[in-house]
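The values are calculated or read from the model by the stated rules, or taken from the named source; none is laboratory data. What you see is a predicted model, and the numbers here were worked out from it, not measured in a lab. Cβ placement follows ideal geometry from the backbone for every residue including glycine, while neighbour counts extend to all protein chains displayed.
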Amino acid sequence: MLKIIAIIVVVLVAAVLLFATTRPDTFRVQRTSSIQAPPDKIFPLINDLHRFNTWNPYEKRDPNLKGSYSGAASGKGAAYAFEGNRDVGKGSLEISESSPSSRVVMQLRMTEPMAASNEIEFILEPKGEVTNVTWSMHGQVPYLGKVIQLFFDMDRMVGGDFEAGLASLKAVAER
């Protein structure tokens, strides 16, 4: 009986590992919010990492977070290194592209809890009195990430954080 159970467990594990190989090699998480403010009021809240971290939901997850700024004061070359609890991890964020009042691209490099390198993008689209702000993240999914994504919905987890962050950005921008 024990042998049959062991064979079933091995077959199930093999099936999960095999199924993981069929998952996509890339991912994208994206959320959009409408903010009652012009792009030129919202843009500095993203393009300056000091101001970005006043509404960034990840900054609030660890009251003992250690962070340091380097590079440019804002825009391309502005950087932030952080080390926090297991909810935040350890890594860095650097602005790689900045187009005034329309787009900011950041490179996120995580070293803990798992190494990853992803691109974050903010797009600001004016629509009359409102600005639609889209926050997205995309990158490669290594094999281990594919296995993890079989059990955890990254879009729901990270997307929820993006929704909370956009709500905080909205509150700050609409003051």
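Numbers for the structure displayed
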item: The lone exception for residue 158 - which of (1) touching a residue at least 40 places away in the same chain (Cβ under 8 Å); (2) over 21 Å from residue 63 (Cα atoms); (3) in contact with a strand residue (DSSP E or B) (Cβ under 9 Å, 6 or more places away or on another chain); (4) of a type in the set (Val, Ile, Thr) it fails; result: (2)
item: Filtered residue count, the range 109-132, keeping only those that are surrounded by fewer than 16 Cβ atoms within 10 Å (Cβ to Cβ) and either aliphatic (A, V, I, L, M) or within 24 Å of residue 15 (Cα to Cα) (or both); result: 3
item: Qualifying positions in the range 4-44 - surrounded by 14 or more Cβ atoms within 10 Å (Cβ to Cβ), at pLDDT 90 or above and assigned to a helix (DSSP H, G or I); result: 39, 41, 42, 43, 44
item: The range 125-144 - residue that is closer than 24 Å to residue 59 by Cβ and among the small types (Gly, Ala, Ser) and, of those, modelled with the highest pLDDT; result: 136
item: Complete set of residues in the range 52-95 that are surrounded by 15 or more Cβ atoms within 10 Å (Cβ to Cβ) and small (Gly, Ala, Ser); result: 67, 72, 74, 75, 78, 79, 81, 84, 89, 91, 92
item: Considering residues of the range 43-92 that are polar (S, T, N, Q) and touching a helix residue (DSSP H, G or I) at 6+ places or on another chain (Cβ under 7 Å) only, the residue farthest from residue 159 (Cα to Cα); result: 74
item: Residue within the range 133-150 that is of a type in the set (D, E, K, R) and either within 17 Å of residue 49 (Cα to Cα) or surrounded by fewer than 16 Cβ atoms within 10 Å (Cβ to Cβ) (or both) present; result: no
item: The range 42-95, subset of a type in the set (S, T, N, Q) and touching a residue at least 24 places away in the same chain (Cβ under 8 Å), residue nearest to residue 112 (Cα to Cα); result: 85
item: Pair list, Cβ under 7 Å, 6 or more apart: the range 20-34 residue under 26 Å from residue 165 (Cβ atoms), other residue of a type in the set (S, T, N, Q) and in a strand (DSSP E or B); result: 26/140; 28/136; 29/136; 30/134; 30/136; 32/132; 32/134; 34/132
item: Residue list for the range 79-112, filter: among the acidic types (Asp, Glu) and not in a strand (DSSP E or B); result: 87
